[in-house]
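S.K.: One structure follows; several queries about it will come next.
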Amino acid sequence: MLSLTPATSRADTILVMGDSLSAAYGIDPQAGWVSLLKQRLGNSHEVVNASISGETTSGGAARLPDILRQHHPDIVLLELGGNDGLRGLSPQQMQVNLGKMIERSQNAGARVLLIGIEVPPNYGPTYANAFRSVFSQLAKEYDLPLVPFLLEGVDLDTMLQQDGIHPTAEAQPIILDNVWSQLEPMLKATSDQA
């Protein structure tokens, strides 16, 4: 006999689309902020980490449709752009790519949390400002919650690995708190609707 499980019993799915900052590059994967998020949420949500070190916004935009079909996320955490910046790619193209990802996620029924990153100061103020403004412009255009800078509060002198780019394990709880500040209200809104 076929038994139908009510849809409400399915845990909401959170999809993380990111780069090395979300893929726990150079540290124990269990110490990364996405694993810490899984621990914090327990069984209330499924967390799918589709982050890949070195991923650009164009790579993420190409991969996203299949991932959306596979996982049907309720919330997408979009943390991409850092590698575009490190390669000096066009902020305008980055904005187009992220916009496509936001629209695809929303069209698939997911809400999006946009997570910003900044480029090192040696790229010059013009590029750095154009890069930074992409995230705030997209958040405004699509009415999204925004984490302006994923590494806010991370001591960039003592909490980066030897490459000077990737955060250490000690930085991960700070990063999680930055994301949680915007994610928690989205989770409460979901449970209020249930």
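The values are calculated or read from the model by the stated rules, or taken from the named source; none is laboratory data. Values in this document were obtained by computation on a predicted structure and should not be read as measured data. Cβ: placed from backbone, ideal geometry, glycine included. Neighbour counts: every protein chain shown. Accessible surface is based on the protein model in full, side chains and every heavy atom, while ligands, DNA and RNA are left aside. Shrake-Rupley method; radii C 1.70, N 1.55, O 1.52, S 1.80 Å.
S.K.: Working only within region 105-129, note down all residues that are crowded, with 17+ Cβ neighbours inside 10 Å and not hydroxyl-bearing (S, T, Y). Before the answer, list the steps.
M.R.: So the first thing to find is which residues in region 105-129 are crowded, with 17+ Cβ neighbours inside 10 Å, and the list is 105, 108, 110, 112-119, 128.
Of everything in region 105-129, those that are crowded, with 17+ Cβ neighbours inside 10 Å and not hydroxyl-bearing (S, T, Y) turn out to be A108, A110, V112, L113, L114, I115, G116, I117, E118, V119, A128.
S.K.: So for region 85-97 (the condition being farther than 18 Å from L21 by Cβ, open to solvent by 30 Å² or more (accessible area, probe 1.4 Å) and at pLDDT below 95), does at least one residue qualify?
M.R.: Within region 85-97, one or more residues are farther than 18 Å from L21 by Cβ, open to solvent by 30 Å² or more (accessible area, probe 1.4 Å) and at pLDDT below 95.
S.K.: Another question, if that's okay. If a residue must be at pLDDT below 95 and touching a helix residue (DSSP H, G or I) at 6+ places or on another chain (Cβ under 7 Å), how many such residues does region 142-167 contain?
M.R.: Of the residues in that region, 0 qualify.
S.K.: Which residue out of I165, I175 is of a type in the set (A, V, I, L, M, F, W, C), touching a residue at least 60 places away in the same chain (Cβ under 8 Å) and not in a helix (DSSP H, G or I)? Walk me through how you get there before you give the answer.
M.R.: Values: I175 fails: not in a helix (DSSP H, G or I).
After applying the criteria, what remains is I165.
S.K.: Provide a single number: the residues in region 34-78 that are among the hydroxyl-bearing types (S, T, Y), open to solvent by 40 Å² or more (accessible area, probe 1.4 Å) and at pLDDT 95 or above. I'd like the intermediate steps shown before the answer.
M.R.: Narrowing region 34-78 to residues among the hydroxyl-bearing types (S, T, Y): 35, 44, 51, 53, 56-58.
Those still in the list that are open to solvent by 40 Å² or more (accessible area, probe 1.4 Å) too: 44, 53, 58.
From the residues that got through so far, the ones that are at pLDDT 95 or above too are 53, 58.
The qualifying residues number 2.
S.K.: Same structure, new question: Out of the residues in region 90-146 that are basic (K, R) and in a helix (DSSP H, G or I), state the one that is farthest from the chain's Cα centre (by Cα). Steps first, answer last, please.
M.R.: In the first step, residues of region 90-146 are kept if they are basic (K, R); the result is 100, 104, 111, 132, 140.
Next, only the ones that are in a helix (DSSP H, G or I) stay: 100, 104, 132, 140.
Numbers: K100: 15, R104: 15, R132: 15, K140: 17 Å.
Among residues in region 90-146 that are basic (K, R) and in a helix (DSSP H, G or I), the one farthest from the chain's Cα centre (by Cα) is K140.
S.K.: Check F149 against each of (1) surrounded by fewer than 20 Cβ atoms within 10 Å (Cβ to Cβ); (2) assigned to a helix (DSSP H, G or I); (3) in contact with a Gly (Cβ under 7 Å, 6 or more places away or on another chain) and name the one condition it does not meet.
M.R.: In the conditions (1) surrounded by fewer than 20 Cβ atoms within 10 Å (Cβ to Cβ); (2) assigned to a helix (DSSP H, G or I); (3) in contact with a Gly (Cβ under 7 Å, 6 or more places away or on another chain), F149 misses (2) alone.
S.K.: Output the residues belonging to region 63-89 that are assigned to a helix (DSSP H, G or I), basic (K, R) and closer than 27 Å to I165 by Cα. Spell out the reasoning first.
M.R.: Step one: filter region 63-89 for residues assigned to a helix (DSSP H, G or I), giving 63-71, 82-86.
Subsequent filtering for residues that are basic (K, R) retains 63, 69.
Hit for region 63-89 is R63, nothing else.
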